[in-house]
1. Does any residue of segment A:393-400 turn out to be assigned to a loop (DSSP other than H, G, I, E, B), of a type in the set (A, V, I, L, M, F, W, C) and free of Cβ contacts under 8 Å to residues at least 60 places away in the same chain?
2. Filter segment A:24-40 for residues that are part of a loop (DSSP other than H, G, I, E, B) and under 10 Å from A:W203 (Cβ atoms) and give the result.
3. Helices (runs of 4 or more DSSP H) wholly in segment A:492-580 with at least 1 residues that are touching a Ser or Thr at 6+ places or on another chain (Cβ under 7 Å) - which ones?
4. Of the residues A:A127, A:A111, which is assigned by TED's automatic domain parsing to the domain that holds A:G54, among the small types (G, A, S), surrounded by 21 or more Cβ atoms within 10 Å (Cβ to Cβ) and free of Cβ contacts under 8 Å to residues at least 60 places away in the same chain?
5. Tell me which residues, restricted to segment A:264-293, are within 16 Å of DNA strand C (Cβ to nearest atom) and assigned to a helix (DSSP H, G or I).
6. Among strands (runs of 3 or more DSSP E) lying entirely in segment A:182-242, which contain 1 or more residues that are under 30 Å from A:V145 (Cβ atoms) and aliphatic (A, V, I, L, M)?
7. I'd like the full set of residues that are in a helix (DSSP H, G or I), within 10 Å of DNA strand B (Cβ to nearest atom) and under 19 Å from A:E85 (Cβ atoms), limited to segment A:100-152.
8. Name the residue that is farthest from A:F214 (Cα to Cα), counting only residues in segment A:322-365 that are part of a loop (DSSP other than H, G, I, E, B), within 16 Å of DNA strand C (Cβ to nearest atom) and hydroxyl-bearing (S, T, Y).
Amino acid sequence: MMVDDLLDFGLPEEGLEIFGDRGIEELYPPQVDGVRSGVLDGRNLVLAVPTASGKTLVSELGILKSVFSGGRTLYIVPLKALAYEKFELFKEYERYGFNVGVATGDYDRSADYLSDMDVVVTTSEKADSMLRLGTDWIGDVDVVVCDEVHLVDSDRRGPTLEVTLAKLMMMNPGAQVIALSATISNAREIANWLDAGLVKSDWRPIELKEGVVFDDFIDFPFDGGKEVCSDEDDVATSLVRDAVLEGGQALVFTSSRRNSRGAAGRIVGSLDDLLSPMEEDRLMELSNDILDVDGVTEEGERLARYVRRGVAFHHAGLRNTHLRRIEKLFSSGDLKAICSTPTLAWGINLPARRVVVRDYKRYDPNYGMKPIPVLDVKQMFGRAGRPGMDPYGEAVLIAKNEVERDQLIDRYVVGDTENITSKLASEPALRSHVLSTIASGFAGSYSELMDFIDRTFFAVQNRPEDIQLLVKRVLGFLESEGFIEVDGFGLGSGSGFDATAIGKRVSELYIDPLSASRILERLSGRGMESDIEFLHMVCETPDMDTLYMRKSDYSRVESFLKENPRLKERGEMDDWFLSEVKTSLLLKDWIDEEDDGDICDWYGVSSGDIRRKASTAEWLLHSAAELSKMSMSLYINRLRNLQRRMQYGVKKELSDLVSISGIGRVRARELYKNGYRTKSDLHELIDNQSLVREVDGVGAKTIEKIKRELGGNE
DNA sequence: AGTGAACGTATGTAGACAGCATGTC
DNA sequence: CTACATACGTTCACT
């Protein structure tokens, strides 16, 4: 089917232009199936097809059809980075007078602003949050697109996705639902849930050879085999060099951050003779950019050193700027190889000629090393082959012997993916979503609550009765904590309920009700004195992921506790408590302006981890301050103060300086050292440019920026 | 004494969403 | 039901 033919199916003519501009003439087979299943007639659709086989376009057919007749679309994705990526894509529509917006936790726009948008791209949590806040326009949506629906399978985030979809469908009964999924075996079940047609296909726009390597030979069960040119003693390195020799790039997936650095370290050097002088010059430049952002930590320095030679590692501990930069450098072809933890498999599309899954096992504290799900490996495999650039893609696992090779082929190449299952029956998920369902008025009684649960994916796979016991327990918890009020005596099927003011606020703040109850308990207690006690309050909350206790951490943490008996009283001396304390100490060092490199060394974390922990802490400190306000606690100012320091990682005395854009913890400290302690002190600096040189890290450009900001404000 | 291969042992382990008010180095 | 790769320390042969 050609794009032009879509007119017959009801696509507005302008839609043709959009696709035409992208150079699309003919539809892929799964896309044709989507059309035949009625995307353009507003029918619900589940599209279970491999990555990069044109899923987005099918959803766009529904979106364009709707939007051209005055409709509104909500497009839900699992990652912030994906939200921005889709946002950029849909911006093309603005040419036709449509408004496109993004809403994520850190790129937030007012509900008012978003209500003028025809297409809003958002994460599932942000969508959930907007529902909790009672955002008006969300009840006026005509198309709901859910990208990567198979993530309802995820323990932590799946429940949010299914609850949010269920609510959106209840609020917008007439809306078209388009769900995009990886090829999962029980896609039919998802389709049943969403009352949708199903298109399932393994078709790919570019040939993908999947296989297993052993003894310098890749066995592609469906595509013969291939000798690997192995002049390296490390298999992964040989595979990478081999791919680069053929003019391609390679992605190597590893099971841990350390392994990703290690694998990259072994590849570095094996590509030197394959880089042109021009490429070397460019890489040198890019490497220096990386040092500019983070030249302080050992890891940042190492990353820069590797990038100089065409290789990078990639994992969630790196700073966001580094991650985005590495991704960009790989798609531009400057980098030849990336060694990555599973982040890259689920993030933005970053195709490579060859994908090497070096580690197919991942550590699980309950079991030891455990083979990862087939879906995860398929997701990594799916990154092989750049459409239009590579003749084909190759994806391989590495085996250490023949037996393992055959096992790997059976399981990961020939085998089916696992079924996905609802994780809604997990207590942490349930207490949060039950509260929000009540607080936002979706359910005012037990029977309404169960009616709602009946609309979730959980109810498709289980009898709702199976969740009742758990729901009752959760309701009991919410009532006893004062987050909801229940009519009458006891919980019966006839009982009605409503959220209390504080329960409503907890739901809006988007924190786990258990976090809220812990915080409220601390705030009502007597005499919190030192910063560390507030920081620990935040770290003992289930919303904070605490740090792992290394052997070498015990002495440090235990001796701190010895000097702080008040803190020591708060818990048993078990690993759980100690890791809370360790995390609190990291946060304390952050707001005491300790050096990045030192913090990384002391706590065994990466530089991006510090910021991620700090930002979670800031959110929780903000929530604590809000709860404090409602419960008349004495600590509001204290919490606000800490929140502010947490945001920038500074001591109190810098808070004035740091509020100026362009000035962060480092520059603020430099300015302070040079006698500029407040905004008004800075006017002197601006008026007397010759003094600028005295302050490290503050150049003419920054001064210019400060000038503009201060001039505007005063 | 210095170097370094070869072997033994201790160690640590993936990811990333949310509020709020505006902008890192 | 199910533990790996790696960094670091020690030993010992050889210059």
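1. Taking segment A:393-400 as the starting set, the residues that turn out to be assigned to a loop (DSSP other than H, G, I, E, B) are A:399-400.
Subset that is of a type in the set (A, V, I, L, M, F, W, C): A:399.
Filter again for free of Cβ contacts under 8 Å to residues at least 60 places away in the same chain, leaving none.
Taking every residue of segment A:393-400 in turn, none turns out to be assigned to a loop (DSSP other than H, G, I, E, B), of a type in the set (A, V, I, L, M, F, W, C) and free of Cβ contacts under 8 Å to residues at least 60 places away in the same chain.
2. The first filter runs over segment A:24-40 and keeps only residues part of a loop (DSSP other than H, G, I, E, B), leaving A:24-25, A:27-28, A:37-38.
A:Y28, the sole residue that qualifies.
3. Working: elements: A:501-509, A:513-524, A:531-539, A:553-563, A:565-568.
The helices (runs of 4 or more DSSP H) meeting that bar are A:501-509, A:513-524, A:531-539.
4. One residue alone meets the criteria, A:A127.
5. Of everything in segment A:264-293, those that are within 16 Å of DNA strand C (Cβ to nearest atom) and assigned to a helix (DSSP H, G or I) turn out to be A:A264, A:G265, A:R266, A:I267.
6. Here the list reads A:197-200, A:208-214.
7. Listed by number, the residues that qualify are A:S124, A:E125, A:K126, A:A127, A:L151.
8. If we filter segment A:322-365 for residues that are part of a loop (DSSP other than H, G, I, E, B), which is where we start, we get A:332-336, A:341-342, A:347-351, A:353, A:358-360, A:365.
Of the ones still in play, those that are also within 16 Å of DNA strand C (Cβ to nearest atom) are A:341-342, A:358-360, A:365.
Next, from what is left, pick out any that are hydroxyl-bearing (S, T, Y): A:341, A:360.
Values: A:T341: 22, A:Y360: 15 Å.
In this case the residue turns out to be A:T341.
The values are calculated or read from the model by the stated rules, or taken from the named source; none is laboratory data. These numbers come from a predicted model, not from an experiment. Reconstructed Cβ throughout: ideal geometry from the backbone, glycine too, with neighbour counts over all protein chains shown.
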